[in-house]
Amino acid sequence: SVLSIHASQRLDSRGKPTVQVDLTTVHGSFRAIVPSGASKGDYEAVELRDGDYEAFQGNGVLKACQNVDSVLGPQIAKSGLDPAYDLKKIDELMIQLDGTKDKSKLGANAILGISMAAARAGAAARGLELYEFLAGESGLPQADYVMPVPFMNVLNGGDHSGNAMAFQEFMIAPVGASSITQAVQWNSETYAALKTIIEAKYGKAAVGLGDEGGFAPPIDRPEDALSLLVEAIAKAGHQDKIKIGIDPASQSFFKNGNYNLGFKTDQDNNLSAANLASYYRQLLHSYPVILLEDPFGQDDWDAFVDFNKDCGVELVGDDLLATNIDRVKTAVKKEACNSMLLKVNQIGTVTEAIAAGKAAYAAGWSVFVSHRSGETTDDFIADLTVGIRAGHLKSGAPARGERVAKYNRLMDIEDNLRYRERNFSYAGENFRFAYT
Ligand code: PGA
Ligand code: ZN
């Protein structure tokens, strides 16, 4: 059982306060730190912020920490629930103590920190690696493991950078590699090649980084971003083996019924959903794109449903679904997309995130695990991706500590599996259906 839980205010990768939780059992003290998004959807669980403008522009999380120390922690300790076997019940107790639908009373940041730390404590109590423990929680097979394809965001736009590019993320996906170690190497080589190309085309000042560690050169046409990637992949020698994913995060530029690709400049460039859809089709036709996330806004169901009919790529719902099982079920019924983005802090507990992912699997969809643009060196999602056999994850560029922490952990997991002579494979081309 849990002896005590303590939370502290620490910083995330954007320098904003976030919640760090230390949960203590007889097996030791277990830590988790909570991430935070910039292009957040309306259907996400609520991150409690102090709103005291004397400190951190109102972004402090001292109230959330206080809720851990004086409400959630003591109640969990009193309950006698054991992280080794009762993670779901611990999450349920926190949901009940909060009492709101969106965790706005005690804060999804407070609740998630405990949920993640409890999973770590549970794994330790049972002598398991975290990915094994999470595989057990998910009820998915544990006879072998599937290492994910790392989708690395190497060109940053949208709300994550200062350039004029409306689309938020351009990712490289080494589906033709044979292991996570090789996949990381290929992406790193492509990232280096991309830097050389950007320097040559746009000058030395153009290789500054966005929030997720990707470059943010002075470009605004998605075609230019995609051409840069194609060139970098070829220059690094990985042509045809590394494919591309795009997350326009289009909710960020949806306004008054239109999608404004000029939203970061004073030059409006408004497209209707139908025109934006034909533009996407053109891009998918011209470049080796295999994944498209949030091409339309979080309430633009009709546009999603129409595009999903014949898009031919993995169509991921992020803001659309918010890792919320009810929204997943609605989207399955409407046939609005074919993949769920999984961000633990969108829903606020580990077991609810896994349940939403399993609902996606049950519909024959894929699950794409994701970091947030505001991150920490906590590498929880690496283990989660392996544990639930998601087959792919995104954690930003192969640069900056909070991004590479996840990729480095995946390589640790691969080494660990090899050392223990466990069966495992690399998802590769089958990244969407690694769970089947
Ligand atoms: P966010 O962006 O973490 O800033 O919300 C990530 C995404 O849109 O996938
Ligand atoms: Zn997204």
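Being outside any loop (DSSP other than H, G, I, E, B), away from ligand 1 (no atom under 16 Å from the Cβ) and not aliphatic (A, V, I, L, M) is the filter here, so list the residues in segment 18-48 that pass it. Within segment 18-48, Q20, D22, T24, T25, G28, S29, F30, R31 meet the criteria. Of the residues making up segment 301-312, not one is surrounded by 19 or more Cβ atoms within 10 Å (Cβ to Cβ) and assigned to a loop (DSSP other than H, G, I, E, B). Candidates are the residues of segment 337-382 that are open to solvent by 10 Å² or more (accessible area, probe 1.4 Å) and in contact with a Phe, Trp or Tyr (Cβ under 6 Å, 6 or more places away or on another chain); the one that is nearest to ligand 1 (Cβ to nearest atom) is N338. Looking across segment 1-17, the residues that are among the hydroxyl-bearing types (S, T, Y) and away from ligand 1 (no atom under 13 Å from the Cβ) come down to S1, S4, S8.
Could you please find all residues in segment 241-258 being under 13 Å from T190 (Cα atoms) and open to solvent by 10 Å² or more (accessible area, probe 1.4 Å)? Selection gives K241, K243.
For the residues A274, A236, the requirement of being surrounded by fewer than 19 Cβ atoms within 10 Å (Cβ to Cβ), farther than 17 Å from G158 by Cα and of a type in the set (G, A, S) singles out A274.
Residues in segment 59-80 that are closer than 23 Å to S138 by Cα and touching a Leu at 6+ places or on another chain (Cβ under 7 Å): 1 in all. Scanning segment 283-300 for residues that are outside any strand (DSSP E or B) and within 11 Å of ligand 2 (Cβ to nearest atom) yields D294, P295, Q298.
The values are calculated or read from the model by the stated rules, or taken from the named source; none is laboratory data. Values in this document were obtained by computation on a predicted structure and should not be read as measured data. All Cβ positions, glycine included, derive from the backbone under ideal geometry; neighbour counts span all protein chains shown. Quick note on the areas: whole protein, heavy atoms, side chains included, nothing else; ligands and nucleic acids left out. Shrake-Rupley method; radii C 1.70, N 1.55, O 1.52, S 1.80 Å.
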